Amino acid sequence: MGEKGKKRKTDSNSTYNESDLNDVSTGQDNTVCTSFVGKVINALSTANRVIYGENSETPRTPVSQTVTPTFHPEGQSEGPTTSTPKNQNQEAGRTVQRNDDVINKKLDTILQKLSKLDDLESKFSDIQASVQNMDCRVKNMEQKSKDFEKSLDFVAAEVDDLKAQKYNDITMGPKDENLDGLYDELEKLRAENSEMKRSIEDLQCRSMKNNLIFTGIEELNYENTEESLKDFIYYELQIDRNIEFGNVHRFGRSFRGKPRPIVARFLFYKDLVEVKNSANRLRGSRFGISEQYPTQVEERRKNLYPVMKRLKQEGNRVKLVRDRLYVNGQNYHEGDDVYYDNDVRTSHDNRYRRQQAQRRQRTSESVPQERYQRPVPSAPPAPSVITSSQTEASRRMSVGESEARIPTPQTVS
C-alpha cells in the first residue's frame with residue numbers, strides 16, 4: 001500500500017508537472033499563434049491594398065477560442081465537454097495546423113497574383129513605351145506631311161508664275177515697245193478727267209450763281225415759302241419792291257425744331273446783288289444769307305475760312321471768291337508768303353471805298369422812311385406779244401449789267 005500510494009503520489013506529481021508543462025507550452029503556443037496570425041492578417045491586408053487599392057478594407061475576423069464538442073462513436077453528441085489540457089493542446093495544434101494551411105494557401109494565391117501583377121506591370125510598361133514611340137512617329141509623320149504640303153504649294157505657285165510669265169512673254173512681248181505710248185495715253189486721260197471735273201464743277205457753280213440760301217426764317221405748317229421769303233426781304237432787309245423768283249423751297253431735315261434753310265433762285269441777278277448787299281442789316285440777329293456752291297467747293301471754302309480769318313486779323317485785305325482766297329489782290333495758296341505792295345494796295349483801297357459809297361447811296365434810296373405793311377404789287381401792264389428769244393435776250397442784258405457792277409479780283413503778275 002505504501003509503495004502504491006507513493007507511486008500514485010509520484011504519478012500524480014508527475015502528472016501535475018506534465019500538466020503544468022503542457023499549460024506552459026500551450027500558453028507559449030497560443031502566444032506564438034496569436035502573433036503569427038496577426039502577422040498573417042497584416043500581410044493579407046497589405047496584399048489586399050496592393051491588389052484592390054490603398055483604400056480597400058478587409059474585414060478582420062477576431063480569433064476566438066473554439067469549444068470542441070465531444071462526439072460518441074454512435075454519432076450522438078453530448079454537447080460541449082470540458083477538455084483536459086492534453087486534449088486542448090491537441091485541438092490547438094490541429095487548429096494551428098489548419099490555420100497554417102489556409103494561410104499558406106492564401107499566401108500562395110497572393111504571391112501568384114503579385115507575380116501576375118508584376119507581369120502586367122512589365123507588359124504595361126512595354127505597351128506605354130510602344131505607344132509613346134507611336135506618338136512620336138505620328139507627330140513626325142504629321143510634320144513631314146505639313147512640310148510636304150508646303151513644298152507642293154510652293155511648287156504650284158512657282159509653276160503658276162512660270163505659266164503667267166510665259167503667257168506674258170508670248171502675248172505682251174511684241175508690245176513692250178508701245179508701253180511708253182500707253183503711259184502717255186494714261187496721263188492724257190487723267191488730265192482730261194481732271195479737266196472734265198473742273199468743267200462740271202464750274203457748270204454747277206454757274207447754275208447756282210443766281211441762288212441764295214436764307215437761314216433762320218421761321219417755318220410754319222402749310223406755308224407758302226415764297227411769300228414767307230418776300231415778307232422776310234421786306235421787313236428785315238427793308239426792300240420794298242417786288243422781287244421775282246424762279247423757284248423757292250426749303251431743303252434738308254429739321255433738327256431740334258430749328259427751321260430748315262430756304263434756297264431761292266432769283267430771276268434777275270441785280271435783285272440777288274441787292275439782297276446780298278443788304279445782308280449787313282442782319283448782324284446780331286438769328287438770320288443769315290449765303291451763296292450756294294457745290295459740295296466740293298463748299299468743303300474747300302470751309303478749309304479756307306480759318307486762314308482768311310487769321311490773315312484778316314493780321315491786317316491783310318482778304319476776299320474769298322468761290323474756293324479761291326485773294327490776299328491783297330493776289331491768289332493765295334497755303335504756305336505762300338504774304339507781302340504788301342503799296343501801289344496795288346492803294347488802288348484796291350480806293351476802289352473799295354468807292355464801292356462802299358455806292359452801296360450806301362443805293363441803300364439810302366431804297367429804304368423807306370417808315371416801315372409799313374408790304375404793299376401788294378400793282379397789276380402788270382397788258383401783256384404784249386414778246387417772243388421767248390427777246391425775253392432771254394433782255395434777261396442776259398440785265399444779268400450782264402449787274403455783273404458789270406460787281407468788281408472782280410485782279411491779280412498782279
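Once the range 288-323 is narrowed to residues that are in contact (Cβ under 8 Å) with a residue 40 or more places away in the chain and touching a strand residue (DSSP E or B) at 6+ places or on another chain (Cβ under 7 Å), the residue that is farthest from residue 218 (Cα to Cα) is 319. Say whether the condition of being without any contact (Cβ under 8 Å) to a residue 12 or more places away in the chain, exposed (fewer than 11 other Cβ atoms within 10 Å of the Cβ), of a type in the set (Lys, Arg) and more than 30 Å from residue 278 (Cβ to Cβ) is met by at least one residue in the range 192-214. Within the range 192-214 (the criterion being without any contact (Cβ under 8 Å) to a residue 12 or more places away in the chain, exposed (fewer than 11 other Cβ atoms within 10 Å of the Cβ), of a type in the set (Lys, Arg) and more than 30 Å from residue 278 (Cβ to Cβ)), the answer is yes, since at least one residue qualifies.
Every condition in (1) exposed (fewer than 15 other Cβ atoms within 10 Å of the Cβ); (2) of a type in the set (Ser, Thr, Tyr); (3) free of Cβ contacts under 8 Å to residues at least 60 places away in the same chain holds for residue 235 except the one numbered (3). Hey, any hits in the range 56-73 for a residue that's within 30 Å of residue 38 (Cα to Cα) and either assigned to a helix (DSSP H, G or I) or at pLDDT 80 or above (or both)? No: the range 56-73 contains no residue that is within 30 Å of residue 38 (Cα to Cα) and either assigned to a helix (DSSP H, G or I) or at pLDDT 80 or above (or both).
Table: residues versus (1) of a type in the set (Lys, Arg); (2) exposed (fewer than 10 other Cβ atoms within 10 Å of the Cβ); (3) modelled with pLDDT of 85 or more; (4) in contact with a helix residue (DSSP H, G or I) (Cβ under 7 Å, 6 or more places away or on another chain).
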| residue | (1), (2), (3), (4) |
| --- | --- |
| 78 | no, yes, no, no |
| 82 | no, yes, no, no |
| 85 | no, no, no, yes |
| 130 | no, no, yes, no |
| 137 | yes, no, yes, no |
| 150 | yes, no, yes, no |
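For the range 197-229, the set of residues classified as under 26 Å from residue 284 (Cα atoms) and in a helix (DSSP H, G or I) consists of 225, 226, 227, 228, 229, listed by residue number. Tell me the residue from 314, 299, 291 that is acidic (Asp, Glu), exposed (fewer than 14 other Cβ atoms within 10 Å of the Cβ) and within 46 Å of the chain's Cα centre (by Cα), please. Answer to the check: 299.
The values are calculated or read from the model by the stated rules, or taken from the named source; none is laboratory data. Model, not experiment: these values are computed from the prediction. Neighbour counts are summed over all protein chains in view; Cβ atoms, including those assigned to glycine, are modelled from backbone coordinates with ideal geometry.
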